[in-house]
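Report on the structure given below.
The values are calculated or read from the model by the stated rules, or taken from the named source; none is laboratory data. Every value quoted in this text rests on a predicted model; they were computed, and no experiment measured them. Virtual Cβ from ideal backbone geometry, glycine too; neighbours counted across all protein chains shown. SASA here: full protein model, heavy atoms, side chains in, ligands and nucleic acids out. Shrake-Rupley method; radii C 1.70, N 1.55, O 1.52, S 1.80 Å.
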Amino acid sequence: MYCLSSSASPTISYLPPFSSTSYFVSRSSATCHGVNWRSLSSFKPRITSCKIVIMAAEHHPFKGILTALPKPGGGEFGKFYSLPALNDPRVDKLPYSIRILLESAIRNCDNFQVTQHDVEKILDWETSAPKQVEIAFKPARVLLQDFTGVPAVVDLASMRDAMKELGSNPEKINPLVPVDLVIDHSVQVDVARSENALQANMDLEFRRNKERFAFLKWGSTAFLNMLVVPPGSGIVHQVNLEYLGRVVFNTDGLMYPDSVVGTDSHTTMIDGLGVAGWGVGGIEAEAVMLGQPMSMVLPGVVGFKLSGKLRDGVTATDLVLTVTQMLRKHGVVGKFVEFYGSGMQHLSLADRATIANMSPEYGATMGFFPVDHVTLQYLTLTGRTDDTVLMIESYLRANNMFVDYSEPQQDRIYSSYLALNLEDVEPCISGPKRPHDRVPLKDMKNDWHSCLDSKVGFKGFAVQKEAQEKVVKFSFQGQPAELKHGSVVIAAITSCTNTSNPSVMLGAGLVAKKASELGLEVKPWVKTSLAPGSGVVTKYLEKSGLDKYLNQQGFQLVGYGCTTCIGNSGDLVEEVASAITDNDLIAAAVLSGNRNFEGRVHPLTRANYLASPPLVVAYALAGTVDIDFEKEPIGTGKDGKSVYFRHIWPSNEEIAEVVQSSVLPDMFKSTYQAITQGNPFWNQLSVPSANLYSWDPSSTYIHQPPYFTGMTMDPPGARPVKEAYCLLNFGDSITTDHISPAGSIHKDSPAAKYLLERGVDRRDFNSYGSRRGNDEIMARGTFANIRIVNKLLGGEVGPKTVHIPTGEKLSVYDTAMRYKSAGQDTIILAGAEYGSGSSRDWAAKGPMLLGVKAVISKSFERIHRSNLVGMGIVPLCFKSGEDADTLGLTGHERYTIHLPEKVSDIKPGQDVTVTTDDGKSFICTVRFDTEVELAYFDNGGILPYVIRKLAQV
């Protein structure tokens, strides 16, 4: 029997919850090992995890390699499954990232969920990976943020109701691995350039989101093993890096590598710490929480060799934008990238984390940095105890998972290879619409004018020559002001990508200091903001004395959260907004984020550039992106002389000196001791103690979804797609921001109408991201991005489509409801990279609720394809060289997809024929990539599958 007990530590069922082996979950296990998993204040994530109870350990297939790890002074740290003890020469040639998969497969091998065949496939990675073989993987923990965490907890609560309806025990729905949820996506920059901005924005955040926050607090008490970190604490990935990341678990004497999947695509930031982590869809994460192993294709690994060191004046942001462009060109979708080489010794942990963070932007599943001495130094800096760091190093060395660059390096085998001399990296930014469109800083002015000239697209705005130099004069707070194409109206130091890195944050402070001393000031109509990923940043800015200069330039602290990077940039002042809209200006935002897709940062900034924090300050001072920093002055100093970029840019030596004197271990310790105590807003929230949620039908934030309505124990099987209408016809690079926007709710949208009908004032609409716990609003917000381009509209931009039977032009939601009410299926046609961007389960849930049965595209983003499968939508790919245009498809046809009638007759990756009512016929590949995904399809999705399996136990 495998069980949760109330012995020495919180314990979890570890072996198969879906096998014939009996197990149970004990409510008394909520408090044990001195830790109350329901209480934030007692959580000690560095030393606490869930206890693995294997009552029949003597039957473990790999019991022979369970090895003791001695302590230097006597005794032992614990036991571990030793890879060297396998005595298999293939192990030493494996990439470090694959060794983590191997250890997990060995430790979890029960010949049911994870088999010895899985272990052999990983050991034989060199020959098996090119064959796209499937393996089972069980991550050690799950990471959530609130935008994705709310719908996850809604689903878990709804699954409990479904379990009860099926006559089973609702308490079977409980996380069986540690779940950390950090509330960081809700704060908006409503107030900026003010000393009280932090408090004012937090007040508004709690007023808007009180119901959501109370729901999450209920979840932390109703479900086992769930920690909720309150709002105002920091950004999830920075908190994970600085605090939650274990690197190595030592659970009741069993040691194993930390690994994590998260419902945010930038979960990969933890890869910089040597922890294997990546983003998954929310529905897939929920299955992992409930003990379901992840089914994944054994990935290829790109070896990325780094040499040299960064030149003076070049930042980690410049490096990551360069790496992103290289890897996008190389092609790394679905692969791991593993960094190695002599250049690693010159990259700080924060620099590595910056590169790892942007894995989604270069398309990789992971950007992995194996643990070395730099990692250990960072663990010490961030307050991990000496004993913990010693245990981590001892385990990783003993299990051949530690890189010691002072020793000769054994060659490892990679699927392909790339190399970069860090000395070749030059200052750059990326934009204006995609993260991988890198622009060297010296070429920025020419590139900007090229964008103005070029036709509308990723690098074009199609502004007539005679209009490009237009100057719009207006009054701002009684003072004369002016804007042009390229004027910066938002300058935001934001996002975990960069705010976790002291060198670029203190570099920004030095730029502000030099500019202030020379007499430069940011124009008052530029919306400036500082939103770091943890309170540590505030401490070292204050220690350095640079905070006052950032304040002088308008970069006051506005909150601890994602803010502008996810579209929570707040409104622009009315005079600025009117000047932009009335004159059709291409206004610019410059942010230290990781995403700059059109319509994401702010509806009125059509040009959005990613830049390092120091460059954000520089562009704010210049007031425009239409500038050559080498030749043109940024402004005029108090002495009347021109001030150039070189006058305000700090040297690497200056930055290093400030980092050395200002970033101290006690800052990390005190910051994270404080977040475990919550804050007054959070602590005052009162929540019920019931384990089943009492749904309020009048709530516009939390609503019981219809996914399990009428569900029975019998899987529905394959559903035919016959005579389906095309709901939308897209081109390339439709992102999850297009499909399910996270930003503001437009006043004329179906979601706005729904809220107004329920008495919600427009100023309380909040964002789509904050209302992801309500399926009624999210269905109405599906394809509601105001910048979406649908070919059925003949060039018109906006969230509408054509109802094919009548020819009427309606909102996407209203059109979909017409089709549903008439019992008519719908499909979507799309180009390449459909679903790129943030991992967003609502980008699959929303289309499912609209009645979409299939998506036919040239290619899919990895997580989004998985999400579509998880919601029972059929993903299909056109054959190479074909798309809707080459096949002559207009979207006005009706489509029949000739899938086999039985799921058992469908094979992963098989070809099927699609026909139309006007006689066209073409072949597509069905993107069910594994047998497990076919089982999900048979059940109508991954969550119904899990419910049925758990109900049978």
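Its Cα gyration tensor gives region 492-646 an equivalent ellipsoid; the semi-axes, largest first and in whole Å, are 23, 21, 13. When both bridge partners sit in the chain, DSSP labels roughly 45% of those beta bridges antiparallel. Which residues in region 239-270 place their backbone N less than 15 Å from a point set 7 Å from the Cα of Lys543 along the Cα-to-Cβ direction? Flagged as within label range: none.
Within the shell defined by Cβ-Cβ distances under 10 Å, the residues around Met711 carry a net charge of -1, with Lys and Arg each +1 and Asp and Glu each -1. Averaging the Cα positions of each part gives two centres, and for region 52-121 and region 549-574 these lie 48 Å apart. Annotation: the antiparallel percentage among DSSP beta bridges lying fully within region 773-869 is about 50.
Put a plus charge on the Cβ of each Lys and Arg, a minus charge on the Cβ of each Asp and Glu, and nothing anywhere else: the dipole of the chain about its Cα centre is then about 920 debye. Ranked by solvent-accessible area (1.4 Å probe, protein heavy atoms only, all chains present), the residues His330, His237, His346 order from largest to smallest as His346, His330, His237.
Averaging the Cα positions of each part gives two centres, and for region 368-428 and region 697-768 these lie 44 Å apart. Within 12 Å, Cβ to Cβ, of His266, how many net charges do the neighbouring residues add up to if Lys/Arg are +1 and Asp/Glu are -1? So the environment of His266 carries a net charge of -3. Apply 1/(1 + (r/R0)^6) to the Cβ-Cβ distance of Asp386 and Ser821, taking R0 = 51 Å, and write down the FRET efficiency to the nearest 0.05. After rounding to 0.05, the efficiency reads 0.20.
Protein heavy-atom accessible surface, 1.4 Å probe, per residue over the chain: 34 Å². Mind listing P(r) for region 620-684? All alpha-carbon pairs, 5 Å bins, whole percents. Whole-percent P(r) values from 0 Å outward: 3, 13, 13, 11, 10, 10, 9, 10, 11, 7, 2, 0. Each helix, a run of at least 4 DSSP H residues, gives -39500 (n - 2.57); summed and divided by the residues of the chain, these come to -9000 deg cm²/dmol at 222 nm. One decimal place: the segment Leu692-Leu887 gains 65.1 nm when fully extended, by the rule 0.36 nm per residue minus the C-alpha distance. Cα gyration tensor of region 510-590, axes a ≥ b ≥ c as square roots of the eigenvalues: rounded (a/c below 1.5), prolate (a/b > b/c) or oblate? Judged from the Cα gyration tensor, region 510-590 comes out oblate (a/c at least 1.5, b/c at or above a/b). Lys459 to Leu793: FRET efficiency via 1/(1 + (r/R0)^6), r the Cβ-Cβ distance, R0 25 Å, to the nearest 0.05? According to the calculation, E is roughly 0.65.
For region 821-919, the share of DSSP beta bridges that are antiparallel, to the nearest 5, is 25%. Filter the GluC sites (Glu not before Pro) in region 496-557 down to the DSSP loop ones having no more than 15 other Cβ atoms within 10 Å, then list what survives. When the GluC sites (Glu not before Pro) of region 496-557 are filtered for loop state and at most 15 Cβ neighbours within 10 Å, Glu521 remain. Each residue of region 769-910 gets 129 Å³ once the volume of the Cα convex hull is shared out per residue.
Each residue, Asp252 and Ala656, gets one label point 7 Å from its Cα in the Cβ direction; the gap between the two is 4.9 nm. Of the peptides 305-317, 102-114, the ranking by mean beta-carbon count within 10 Å, highest at the top, reads 102-114, 305-317. If R0 is 22 Å, the Cβ-Cβ spacing of His449 and Glu426 corresponds to a FRET efficiency of close to 0.60. Over what distance in Å are the Cα centres of region 874-953 and region 433-477 separated? Cα centroid of region 874-953 versus Cα centroid of region 433-477: 41 Å apart. Electrostatic bookkeeping for Lys459 treats Lys and Arg as +1 and Asp and Glu as -1; over the other residues with beta carbon under 11 Å from its beta carbon, the sum is 0.
Between Asp161 and Glu931, the contour length at 0.36 nm per residue exceeds the Cα-Cα span by 274.4 nm. How about Lys638: which lysines have a C-alpha closer than 30 Å to its C-alpha, ignoring those fewer than 8 places off in the same chain? Cα-Cα hits under 30 Å: Lys442, Lys445, Lys470, Lys473, Lys484, Lys513, Lys514, Lys523, Lys527, Lys543, Lys548. Taking a point 7 Å from the Cα of Thr636 along the Cα-to-Cβ direction, the residues of region 448-480 with backbone N closer than 18 Å to it are 480. Pairs to check: Lys433/Lys809; Lys820/Lys845; Lys131/Lys305; Lys138/Lys949; Lys433/Lys753. Give those whose C-alpha atoms are more than 19 Å from each other in this structure. The pairs that break the limit, which is 19 Å between Cα atoms, are Lys433/Lys809; Lys131/Lys305; Lys433/Lys753. Largest accessible area first, the residues His59, His703, His266 order themselves as His59, His703, His266 under a 1.4 Å probe with ligands, DNA and RNA left out. Surface composition of the chain: carbon plus sulfur atoms hold 49% of the accessible area, using a 1.4 angstrom probe and ignoring ligands, DNA and RNA.
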